[in-house]
Structure formats: C-alpha cells, structure tokens
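A short worksheet on the structure shown next.
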Amino acid sequence: MTHKISFINYKGGVAKTTTAYHIACALAEIDEVNKVLLVDIDPQMNCTLLCGAPERWEERNKENKTLYNLFDSHIRNEEFNEDIIWESPIQKAGNIILDKLDIIPGNNMLLEIDMQLAELIRSTTIPRELAESHIRIRTILNSYIRTIEDNYDYIFFDCPPNLYYLTQNALTASDWYIIPTIPDFLSTVGLTMLLGIIERLSEEFRRNVASCSAGDRGAFAELKGLIFCRARKGSHGLLNLHKSIIQTVSNKFSDRYIFNSMTTEAIGFSEASRESLPVWLSRRNSKFQELGNQYRAITQELINLFQDDENE
Ligand SMILES: Nc1ncnc2c1ncn2[C@@H]1O[C@H](COP(=O)(O)OP(=O)(O)OP(=O)(O)O)[C@@H](O)[C@H]1O
Ligand SMILES: [Mg+2]
C-alpha cells in the first residue's frame, strides 16, 4: 500500500520542505522500504534543489520533464505522456546515493499555474459544469499520481505556504497531510484556522463530487499529525517558551496526533542544501549526526503510525 502524504502549512518558513525531504531520505535508507517519491508542488522548488543542483534540474526542464509540464498540458487540453519522474537524483561526489528516492521536480513557472487554474473556473457559469470544473482543477495531479503510485511505498508532496489550487491538488492526490510547525507564537497561532479551512475545502469538494456522481474522483487528505520543528534548546533542555507552546498546542489538539519526536534548531542546513544532501550525509560531525537521528526518530514514528493503522 502506498502512503501518500502532503506536508502543509500556509505559514511560510516552518520547515515543511526540510521535514518532507529529510524524512524521505531517512525512509530511502531503510532496507524494508522499496521506493520513495517526493513531489515538489512549490514554485520556490526548494525540495527539487535539495535533490539536485540547478544545472542538473535545467536539463530536465529543457526536456519538459517537470511538474509544470503536467499542469500546463492539462490547461492547454493536450495529452500528457511525459515521464516526469527524476529517478535517483541525489548524488555525492558524482555518485548516486539514496537510489530508492525519486522526485517529480518542481518549476518556478508553477507560479502561474494557480492563476491559470483560477481562470479556467472563472470562465464557467453553468452549475453542472461548475461542479465538474471545481473537481477537475483540483484533481490534475491526482490523476497522474494514480498511474504511478503502485511503484512507491511513500509519496510525499511538498506544498507551498498557501492553500490555493496547487496545494489542493496535493490534498486530493494524498490520503494524509502532516503539519510541520515551529513551536513559537506566530507559527502556531493559525493552526486552528488551518485545520478549519482544510475541513471546509474538503467538504466543498465532497459536495461537488456528490453532485457530479461520475466515478471515483477521490477525496481530500486527512490530518495524520503535527511535527514540531526547529525547537530551541538551551543548556538545560528546551527553552521554556517553546516548551510551554508545545504543551499548549498538545492540549489544544489532544484529539489529534502530535509527533513525540521533533527537530531542534541547529546549524548545518545551509551547508547541506548547498550540496543537495541530507544533513547527516553532508558532514560527519556529531551535530549533523544528531540531526540525522532526530529525522530518523520522526520517520520511525511515522512508520509505526501506519503499522498501527494496519493492525486496527
Ligand atoms: N532544525 C532546523 N534548524 C535550523 N534551521 C532549519 C531547521 N529546519 C529547517 N531549517 C531552515 O529553515 C528554513 C526554512 O525551512 P523550509 O524551507 O524547510 O521551510 P518551509 O516551511 O518549507 O518554507 P516555505 O514556506 O517557504 O516553503 C530553511 O533555511 C531551512 O534550512
Ligand atoms: Mg518549502
């Protein structure tokens, strides 16, 4: 069974990309895991650049093999038969590593796609067609993912910091979503609203699917859990401020799953991202290895969650 997960938060810079990427890398290191796919929905294409240097991405872009081309051909009403999967992109010193990890690369041109999708629905006025368009512009990615998902154990969608159509495409293509958040005031203040908006969007999608009743059109993902990232530590453990926010959020969302493992604020990410490598493969020193252990712990917790689901 493929576990399809979107990493979502409309708050920017809360480590969505870093978390999705490093969990995917940690999964690719596990013997029992066969294949992992990252899908870079974000026009900033940071996840893509964490997998391969810009020059290597440029080669794929020249061949029209990025996520942009899938959406673009749909908008133009053209057939799309491209294989946009970039297999085993991660390299160290010119050698492929983490070969079980693939990516559908992003593209900064995706920035235009949300607006073009909005135009498609604006030009529709007949109620029956409106419902059909509503579904259509949110399921372009889902239709493609369904054709390739059987090859993967895990598919992660790295979403931009908004809930527009591209993100909603990720939400219909995945079964679950995870919210990475920093345990500080400004990052957590909007969490209730985020859950509420996704619930409302999901309900609206359900209603439109019901009114069209044409086959299996999918559904929005459901929340799998919240992950705290970049928690700040002093010499006596977590800073009181972060500790108290983690406690408040845990109380508030006691009916939702909060990952016990988290990442702490650390240096090392800029160096590793320059090399397009996960932190623990970028340097051997203990700081980088400790970060690796944090991501491995989160990854194991995720695996356990799915195992618990299967045993239920
Ligand atoms: N544990 C950490 N310690 C220090 N820096 C971190 C940590 N995790 C992530 N970062 C850095 O924080 C910055 C933001 O992370 P990231 O790009 O993953 O956030 P994001 O939520 O995906 O942002 P956006 O909303 O723009 O997509 C990056 O520079 C990243 O390297
Ligand atoms: Mg990001």
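A few points about this structure:
- Remark on residue 39: its backbone amide H falls under 5 Å from those of 104, 156, 157, 158, a criterion applied only to residues 5 or more positions apart or on other chains, H modelled at 1.01 Å from N.
- Radius 11 Å from Cβ of residue 20, net charge of other residues (Lys, Arg +1; Asp, Glu -1): -2
- Using alpha-carbon coordinates, inclination of helix 191-212 to the longest axis of the chain, degrees: 30
- Separation of region 181-222 and region 1-59, taken as the distance between their Cα centroids, equals 21 angstrom.
- Under 5 Å between amide hydrogens, built in the peptide plane, is the criterion, and for residue 258 it picks out 226 among residues at least 5 positions away or on other chains.
- Approximate shape of the chain as ellipsoid semi-axes (Cα gyration tensor, √5λ), whole Å, largest first: 31, 25, 17
- GNM top mover of 170, 28, 93 - the chain, alpha-carbon springs below 10 Å: 93
- The angle between the Cα long axis of helix 16-28 and the longest principal axis of the Cα atoms of the chain comes to about 80 degrees, rounded to the nearest 10.
- Cα centroids of region 241-312 and region 87-144: 27 Å apart.
- Residue pairs, from the table 4/100; 11/233; 16/224, whose Cα atoms sit over 19 Å apart: 11/233
- Computed over Cα pairs, the Kirkwood radius of region 33-94 leads via Stokes-Einstein (1.306 mPa s, 10 °C) to a diffusion coefficient of 124 µm² per second.
- Kirkwood Rh in Å, taken over all unlike Cα pairs in region 45-171: 15.8
- In region 49-83, GluC sites (Glu not before Pro) in a DSSP loop with at most 14 other beta-carbon atoms within 10 Å: 63, 78, 79, 82
- Using the rule -39500 (n - 2.57) for each DSSP H run of four or more residues, divided by the residues of the chain, the 222 nm mean residue ellipticity is -15000 deg cm²/dmol.
- Packing around the peptides 153-165, 112-124, 289-301, taken as the average count of other Cβ atoms within 10 Å per residue, puts them in this order, highest first: 153-165, 289-301, 112-124.
- The order of the peptides 130-142, 32-44 by mean Cβ neighbours within 10 Å, most packed first, is 32-44, 130-142.
- Charge dipole of the chain (Cα centre as origin; +1 on each Lys and Arg Cβ, -1 on each Asp and Glu Cβ, all else neutral): 1100 debye, rounded to the nearest 20.
- Within region 3-307, percent of DSSP bridges classed antiparallel, to nearest 5: 15
- C-alpha long axis of helix 240-252 to longest principal axis of the chain, angle in °: 40
Every number here is computed from the coordinates shown, using simple stated rules; none is lab data. Since the structure is predicted, the reported quantities are computational estimates derived from the model, not experimental observations. All Cβ positions, even for glycine, are placed from backbone atoms using ideal geometry, and neighbour counts span all protein chains on display.
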